[in-house]
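Below is one structure, written out as structure tokens, with a few remarks after it.
All of the numbers you see were taken from the coordinates with simple rules; none came from a lab. The shown structure was predicted, so the numbers you read here are calculated from the model rather than taken from an experiment. FYI the Cβ positions are ideal-geometry reconstructions off the backbone, even for glycines, and counts take in every protein chain you see.
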Amino acid sequence: MDRDGVINRALQRQGKPFPPRSLEAFEILPGVIEACAALKRAGFLLIVATNQPDVGRGTLPREVVETIHQLMCERLPIDRVEVCYHPGKGLSACDCRKPKPGMLLRSARDLDIDLQRSWMIGDRWRDVDCGHAAGCQTILIDYNYAEKLQTPPDFRVGSLLEAANLILQDVGQNKIELAS
């Protein structure tokens, strides 16, 4: 799954999402803790694959991103965090920057994951295209950003909790009910 907009609130400017710039700005979205816990109970590995180009561009210290990931992993049952720090915008030719599937392929190889039985959950076209390129089912958390999808996702939902319920339903598990 992607990080910003899936696990934590993405900051929106002019209809586009941006990552938090500090630990204080990192806010886990409602339902994420329950969704991750239910997916873990169902036997899924939880891999976060995130582009963090601000580090490569020199506008955000890598230590900030790593501190955010440490807190995220303390609060959620994440098995692995894959990060592309390359700057993008034509300045890097790596295989890891989404929409390229390098982060997913590396995790699949290292953790013996069957990508055809896996799901990529994201909030942007890059996540959907990355998931398709890796051979995963794709779920878009649709915030109606001001950017066009390149390839349609397999499913559209409004939150990670809805995505988890869709996945759990697919594998015959019970729906997640939040306590009031």
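Local charge sum around residue 54 (other residues, Cβ-Cβ under 12 Å, Lys/Arg +1, Asp/Glu -1)? Charge balance near residue 54 sits at +3. Neighbours of residue 68, meaning other residues whose beta-carbon lies under 15 angstrom from its beta-carbon, give a summed charge of -4 when Lys and Arg score +1 and Asp and Glu score -1.
Summarised as an ellipsoid, region 1-98 has semi-axes of 23, 16, 12 Å, derived from the eigenvalues of the Cα gyration tensor scaled by 5 and square-rooted, with the largest first. Counting only lysines at least 8 places from residue 98 when in the same chain, those with an alpha carbon closer than 29 Å to its own are 16, 40, 89, 148.
All other residues with a Cβ under 14 Å from the Cβ of residue 77 taken together, and with Lys, Arg as +1 and Asp, Glu as -1, what is their net charge?
Once positives and negatives cancel, what remains is +1.
Extents of the chain, taken as max minus min of Cα coordinates on every principal axis and listed largest first, are 45, 34, 33 Å. Give the shape of region 121-180 as rounded, prolate or oblate, defined through the alpha-carbon gyration tensor: a ≥ b ≥ c are the square roots of its eigenvalues, a/c under 1.5 means rounded, and otherwise the shape is prolate if a/b is larger than b/c and oblate if not. Taking the square roots of the gyration eigenvalues as a ≥ b ≥ c, region 121-180 is oblate.
Estimated from helical segments only, the mean residue ellipticity of the chain at 222 nm is -9500 deg cm²/dmol, where each DSSP H run of four or more residues counts as -39500 (n - 2.57).
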